[in-house]
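Presented below is the structure to which this report refers.
The values are calculated or read from the model by the stated rules, or taken from the named source; none is laboratory data. What you see is a predicted model; the values in this text were computed from it and never measured. Don't worry about glycine lacking a Cβ; one is built from the backbone with ideal geometry, like all the others, and counts go over all protein chains shown. Ligands, DNA and RNA are stripped out before the accessible areas are found, and what is left, the full protein with its side chains, is counted by its heavy atoms. Shrake-Rupley method; radii C 1.70, N 1.55, O 1.52, S 1.80 Å.
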Amino acid sequence: MKAVILAGGEGTRLRPLTCNHPKAMVPIVNKPLLERTLDYLKEFGVGEAVMALRHFPDPIRQYFGDGAAFGIKMSYSLEATPLGTAGAVKNAEQHIDGECFVFNGDFITDLDLGEMLRFHRENGAVVTIGLVPVENPSTYGVVDLDSQGKVKAFIEKPDWDSVTSNLINAGIYIIEPKVLKLIPPGEHFTFERDVFPALISAGSPVYGFTSRAYWIDVGTPERYLQVHHDILGGKLRRYTTHEPLSEFVSVGEGSTVSPEARLTGPLALDKRCSVEGKAQIVGPVAVGEGCRIGDGSLIESSVVWRDARIGKRVVLKNCLIGENVTIEDDTWITGGAVVGDNCVIGSGNRLDRGIKVWTDKTIDSGTIWF
Ligand code: GDD
Ligand code: MG
């Protein structure tokens with residue numbers, strides 16, 4: 001069975017982290033999101049992934065190529081203009097030869113696709129939508145079911161006063177090829193606002209497969225940090241190559257940790273890092289390849305991408321740090337702050353309260369006291 005993965009969105013809510021990277025390539029515990037999605041799909045025997053791309057396709061194609069190195073066949077379908085979720089699948093029609101999975105490309109889950117496929121076939125559905133319960137449904141596609149699991153209504157991002165269910169579209173579909181006939185070629189068309197409402201009002205068999213599995217859309221900084229806490233904290237029990245141990249400490253090849261440094265899991269330190277002097281890392285923390293962490297610094301509950309140069313007595317707590325960032329001595333970055341790629345944060349700054357520093361910026365010493 002094949003899967004079409006929608007990865008052409010701009011990832012605006014995750015900026016500045018997605019200024020230089022497609023959302024599908026942001027590292028989730030030091031491994032690109034899409035690579036984790038492929039690992040998951042392979043668990044269910046999916047042999048081919050068709051990537052529907054538009055914005056920023058090259059880093060994805062260069063990394064995965066034909067997929068041979070990742071144990072899955074990869075093909076690519078490119079859009080000249082954004083075609084929307086359904087238009088993008090229509091654009092990939094030449095690669096689709098039967099019932100297939102369609103995935104939004106921006107979530108982490110351990111939902112059982114095998115069970116979902118059985119449910120789809122038993123019901124003779126034309127579309128089955130994977131559903132999960134959430135606390136705040138209004139920022140998602142909200143779904144109402146009848147007692148047999150047939151979808152009665154699908155409302156994309158409803159106002160609060162029209163929310164009638166806590167079950168939301170997880171962005172996982174099984175579609176029969178005849179659904180493609182409903183999608184006009186070369187036009188902007190979405191499953192959420194066009195295809196599903198039309199099928200439902202025609203009484204077609206659209207079913208909802210409800211799951212209590214782990215699921216998170218990683219499209220905002222808060223949820224991007226949350227997924228790290230969850231994976232490192234062992235919340236994803238199935239279909240993950242990560243060891244679910246709360247004291248889990250993983251130190252990559254070629255990394256050095258000073259004997260005086262303290263590492264408290266769960267944490268993953270990638271290759272070629274150096275943790276110097278009395279630096280401390282208190283998990284959940286992920287640190288990318290080639291980072292240097294200076295004497296007396298503390299990193300806690302944060303995600304640091306590759307090649308960071310972190311000086312002495314720096315504090316990073318509940319923050320996200322992009323690629324190739326320099327943080328000079330005595331700076332504190334806390335409270336959900338996000339620093340984009342290639343920034344230089346001079347010494348003695350205090351970045352807090354969700355402040356976002358755009359890519360390539362230099363902040364002089366002692367200028368920000370948030
Ligand atoms: N190729 C392509 N072309 N991909 C696209 C396009 C497009 O024009 N537009 C969006 N995508 C991709 C995005 O890259 C993302 O992986 C996925 O489609 C969903 O787009 P988002 O922009 O992330 O949508 P959302 O999160 O606001 O809402 C969607 O996901 C929710 C679950 O996370 C909807 O499907 C909701 O109904 C759903 O609940
Ligand atoms: Mg999304």
For segment 337-369, which residues satisfy the criterion of being open to solvent by less than 10 Å² (accessible area, probe 1.4 Å) and touching a Lys or Arg at 6+ places or on another chain (Cβ under 9 Å)?
Ala337, Val338, Val339, Gly340, Cys343, Ile345
Would segment 53-76 turn up any residue that is touching a residue at least 60 places away in the same chain (Cβ under 8 Å) and either assigned to a strand (DSSP E or B) or of a type outside the set (Val, Ile, Thr) (or both)?
no
By residue number, the members of segment 186-217 that are away from ligand 1 (no atom under 14 Å from the Cβ), farther than 17 Å from Asp112 by Cα and open to solvent by 40 Å² or more (accessible area, probe 1.4 Å) are Ala198, Ser201, Ala202, Gly203, Pro205
Contact list please: Cβ distance under 8 Å, first residue in segment 5-20 and on the phi > 0 side of the Ramachandran plot and near ligand 1 (Cβ under 8 Å from one of its atoms), second residue open to solvent by less than 20 Å² (accessible area, probe 1.4 Å) and not in a loop (DSSP other than H, G, I, E, B), pairs at least six apart or on different chains.
none
Quick one: which of Leu111, Leu53 is more than 16 Å from Ile172 (Cβ to Cβ) and within 13 Å of ligand 1 (Cβ to nearest atom)?
Leu53
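Given the criterion more than 14 Å from ligand 1 (Cβ to nearest atom) and crowded, with 22+ Cβ neighbours inside 10 Å, identify the matching residue among Ala86, Ala68, Ala92, Ala125.
The match here is Ala125.
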